[in-house]
Amino acid sequence: MATDAKRSKQDNGASAQNPGEDKTLQSFLSWCKEVRLELSEKVYVSREGTVADYGMLAREEIEEGEVIFSIPRAALLNQSRTAIHSILEKEEESLKSQSGWVPLLLALMFEYTNSKSHWSPYLSLWTDFRALDHPMFWPKEERERLLQGTGVPEAVENDLANILKEYNDIILPFIQSHREVLDPQKHTLELYQSLVAFVMAYSFQEPLEEDEEDEKEPNPPMMVPMADILNHVANHNANLEFRTDSLKMVSVKRIKKGEEVFNTYGELANWQLLHMYGFVESYPSNTNDSADIQMTTVYKAALQAARTESERSLVVEKWDLLCQLDIVGEEGAFVFGQSGSLTDEELYTSLKVLCMPVEQFKEFKENEGWEEAEEDDEDEMAAALSNDGIPKLSLPWRRLLGDSVALTLQDYADELQPDKELLGDRQAYGRLSSRERLALQLRYGQKVTLHQLLELTRCHSV
């Protein structure tokens with residue numbers, strides 16, 4: 001099984017090829033016909049035979065390039081297609097936020113709690129958003145104990161702080177000003193948090209055209225009925241295409257009869273999947289999995305390697321310059337995938353500067369790094385920080401990188417071996433809770449990547 005507990009199943013009595021036995025699903029499928037969503041006869045929606053929760057299965061073989069379903073833009077749920085769209089448009093300025101999600105979330109708050117909503121057959125598929133079991137719904141102690149070192153607890157704490165601020169500063173004043181449509185007793189912080197999890201897990205964001213990326217803000221998220229039913233794996237077989245009048249799910253490879261139709265949510269590591277969607281892909285299925293080394297950890301390693309006060313002062317000076325050049329930052333991370341570094345320029349420049357002799361650094365600083373940067377070819381940097389290139393790095397670079405990896409591994413609660421043994425013991429693994437299994441798969445994948453990187457820094461080839 002490629003996916004480890006994508007979404008917790010909510011038992012509505014569904015049968016694999018009999019959606020009529022699931023009244024909620026049948027109501028949704030009838031609604032889809034009403035809004036002119038065209039679903040291929042070669043597929044069906046089910047809760048059985050899927051990796052988790054609702055999913056889509058092939059009733060017969062599907063060739064590459066076939067349209068699996070088509071959704072008219074009028075059937076998309078966003079701030080422009082809600083019953084309260086005129087109020088949202090009027091209050092547009094006051095609803096601006098860091099996330100950009102507030103208008104959609106207010107639309108969802110209204111539509112989800114309105115039994116007469118046009119969107120009710122669609123939104124009724126989710127009876128309890130907490131069943132998504134995002135880490136934000138885990139007790140803090142459990143989250144920190146199981147996910148220590150993975151980066152997820154910190155991301156969740158940041159989310160929760162932003163949710164609270166957004167609700168108190170923007171949502172609640174809006175509700176109090178528009179009691180004709182919203183009620184502070186019904187549209188609570190708890191509901192808002194649940195809907196944030198829903199948007200994280202199920203919304204889509206239409207990409208900008210290449211020539212617009214530097215000029216326009218990202219498009220706001222929207223809910224795309226039927227598309228959000230598809231589960232994700234890195235090795236997906238379908239992809240959502242954005243057309244002028246509709247959105248189409250198109251097969252990107254042949255799908256055999258009985259196989260599940262998988263979309264992709266992007267090239268996401270397991271920690272990102274767990275943080276945003278509440279699931280991971282079992283090791284080693286996720287070809288996009290990665291491990292992070294915090295930029296500040298490299299700085300810490302460089303400081304620890306300094307033997308004198310003057311060397312420490314030089315490291316501080318070098319780091320300050322890297323910060324000024326926007327190469328590194330307090331919240332940034334160097335990312336490593338299966339083939340090596342995924343943040344080539346930032347890591348290459350950081351290692352280069354932090355390992356520079358004094359005289360070379362003085363010259364680099366005088367030029368503010370520009371001449372040096374122009375000399376560094378992107379392909380050369382990528383090759384140097386690949387799995388093949390790392391053993392060929394100079395000793396100071398390998399030593400600093402290796403020390404940074406060792407410090408990162410100290411952030412985890414346990415060593416690699418106990419996790420490896422637990423994964424290999426089917427009976428012990430089977431006794432774990434779903435959260436324990438998710439955390440184990442996540443931790444293990446990251447630790448394997450870091451240990452492999454550590455080994456590369458310890459060997460040398462010419």
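Going by the structure shown, is T349 over 15 Å from L456 (Cα atoms) and in contact with a Ser or Thr (Cβ under 8 Å, 6 or more places away or on another chain)? Talk me through it step by step, then tell me what you get.
On the way: over 15 Å from L456 (Cα atoms): yes; in contact with a Ser or Thr (Cβ under 8 Å, 6 or more places away or on another chain): no.
In short, no.
Determine whether E260 is open to solvent by 20 Å² or more (accessible area, probe 1.4 Å) and out of contact with any Asp or Glu (no Cβ under 9 Å at 6 or more places or on another chain).
Taking the combined requirement at face value, the residue does not satisfy it.
Which of the residues spanning region 141-180 are surrounded by 19 or more Cβ atoms within 10 Å (Cβ to Cβ) and either at positive phi or not in a helix (DSSP H, G or I) (or both)?
G149, T150, G151
Looking at region 403-440 only, could you name the residues that are more than 18 Å from G149 (Cβ to Cβ) and either touching a residue at least 12 places away in the same chain (Cβ under 8 Å) or within 24 Å of the chain's Cα centre (by Cα) (or both)?
S433, S434
So which residues in region 267-299 are farther than 30 Å from L132 by Cβ, touching a helix residue (DSSP H, G or I) at 6+ places or on another chain (Cβ under 6 Å) and either among the charged types (D, E, K, R) or open to solvent by 40 Å² or more (accessible area, probe 1.4 Å) (or both), if there are any at all?
Across region 267-299, the qualifying residue is only Y299.
Could you check region 74-128 and list, in sequence order, the residues that are assigned to a helix (DSSP H, G or I), open to solvent by 10 Å² or more (accessible area, probe 1.4 Å) and in contact (Cβ under 8 Å) with a residue 60 or more places away in the chain?
I87, S94, P103, F110, Y112, P121, listed by residue number.
Considering only residues that are open to solvent by 10 Å² or more (accessible area, probe 1.4 Å) and not in a loop (DSSP other than H, G, I, E, B), look in region 197-210 and name the one that is farthest from L77 (Cα to Cα). Let's see the steps before the verdict.
Taking region 197-210 as the starting set, the residues that turn out to be open to solvent by 10 Å² or more (accessible area, probe 1.4 Å) are 200, 203-210.
Keeping just the survivors that are not in a loop (DSSP other than H, G, I, E, B) gives 200, 204, 210.
Details: M200: 15, F204: 10, E210: 25 Å.
Selected residue: E210.
Give me the residue from region 181-194 that is assigned to a helix (DSSP H, G or I) and among the polar types (S, T, N, Q) and, out of that set, most open to solvent (accessible area, probe 1.4 Å). Please lay out each step first, then the result.
Residues of region 181-194 that are assigned to a helix (DSSP H, G or I), as a first pass: 189-194.
Among the residues that remain, those that are also among the polar types (S, T, N, Q) are: 193-194.
On the way: Q193: 32, S194: 12 Å².
Within region 181-194, the match that is most open to solvent (accessible area, probe 1.4 Å) is Q193.
Considering only region 130-140, state which residues are out of contact with any Leu (no Cβ under 7 Å at 6 or more places or on another chain) and either assigned to a helix (DSSP H, G or I) or over 27 Å from E111 (Cβ atoms) (or both).
Correct list: R130, A131, L132, F137, W138, P139, K140.
Taking the stated definitions as given, is S433 modelled with pLDDT under 95, more than 16 Å from N270 (Cβ to Cβ), open to solvent by 30 Å² or more (accessible area, probe 1.4 Å) and hydroxyl-bearing (S, T, Y)? Give the derivation first.
Values: modelled with pLDDT under 95: no; more than 16 Å from N270 (Cβ to Cβ): yes; open to solvent by 30 Å² or more (accessible area, probe 1.4 Å): yes; hydroxyl-bearing (S, T, Y): yes.
Taking the combined requirement at face value, the residue does not satisfy it.
Of all residues being open to solvent by 30 Å² or more (accessible area, probe 1.4 Å) and closer than 25 Å to K447 by Cβ in region 324-334, which is nearest to the chain's Cα centre (by Cα)? Just the residue, please.
Restricting to residues being open to solvent by 30 Å² or more (accessible area, probe 1.4 Å) and closer than 25 Å to K447 by Cβ, the top hit is E331.
Is it the case that T244 is polar (S, T, N, Q), open to solvent by 60 Å² or more (accessible area, probe 1.4 Å) and without any contact (Cβ under 8 Å) to a residue 40 or more places away in the chain?
Working: polar (S, T, N, Q): yes; open to solvent by 60 Å² or more (accessible area, probe 1.4 Å): yes; without any contact (Cβ under 8 Å) to a residue 40 or more places away in the chain: yes.
The answer is yes for T244.
Restricting to region 91-105, give me the number of residues that are farther than 10 Å from P221 by Cβ and among the hydroxyl-bearing types (S, T, Y).
2
Which ones in region 29-73 are open to solvent by 40 Å² or more (accessible area, probe 1.4 Å) and in a helix (DSSP H, G or I)? Write out each step before concluding.
Applying the first criterion (open to solvent by 40 Å² or more (accessible area, probe 1.4 Å)) to region 29-73 yields 30, 33-34, 36, 38-39, 41-42, 48-49, 59-61, 63-67, 73.
S30, K33, E34, R73 - these are the residues of region 29-73 that are open to solvent by 40 Å² or more (accessible area, probe 1.4 Å) and in a helix (DSSP H, G or I).
Is it true that some residue in region 211-227 is under 21 Å from S120 (Cα atoms) and either surrounded by fewer than 20 Cβ atoms within 10 Å (Cβ to Cβ) or among the acidic types (D, E) (or both)? Lay out the reasoning, then the answer.
Within region 211-227, the first condition is being under 21 Å from S120 (Cα atoms), and the residues that meet it are 221-227.
Now restrict to residues that are either surrounded by fewer than 20 Cβ atoms within 10 Å (Cβ to Cβ) or among the acidic types (D, E) (or both): none.
No, region 211-227 contains no residue that is under 21 Å from S120 (Cα atoms) and either surrounded by fewer than 20 Cβ atoms within 10 Å (Cβ to Cβ) or among the acidic types (D, E) (or both).
Can you tell me which residue among L347, L409 is in contact with a Phe, Trp or Tyr (Cβ under 7 Å, 6 or more places away or on another chain) and either open to solvent by less than 20 Å² (accessible area, probe 1.4 Å) or modelled with pLDDT of 95 or more (or both)?
Details: L409 fails: in contact with a Phe, Trp or Tyr (Cβ under 7 Å, 6 or more places away or on another chain).
Being in contact with a Phe, Trp or Tyr (Cβ under 7 Å, 6 or more places away or on another chain) and either open to solvent by less than 20 Å² (accessible area, probe 1.4 Å) or modelled with pLDDT of 95 or more (or both) holds for just one of L347, L409, which is L347.
The values are calculated or read from the model by the stated rules, or taken from the named source; none is laboratory data. Small disclaimer: the values here were computed from a predicted structure and weren't measured. FYI the Cβ positions are ideal-geometry reconstructions off the backbone, even for glycines, and counts take in every protein chain you see. Side chains included, ligands, DNA and RNA excluded: accessible areas come from the protein's heavy atoms. Shrake-Rupley method; radii C 1.70, N 1.55, O 1.52, S 1.80 Å.
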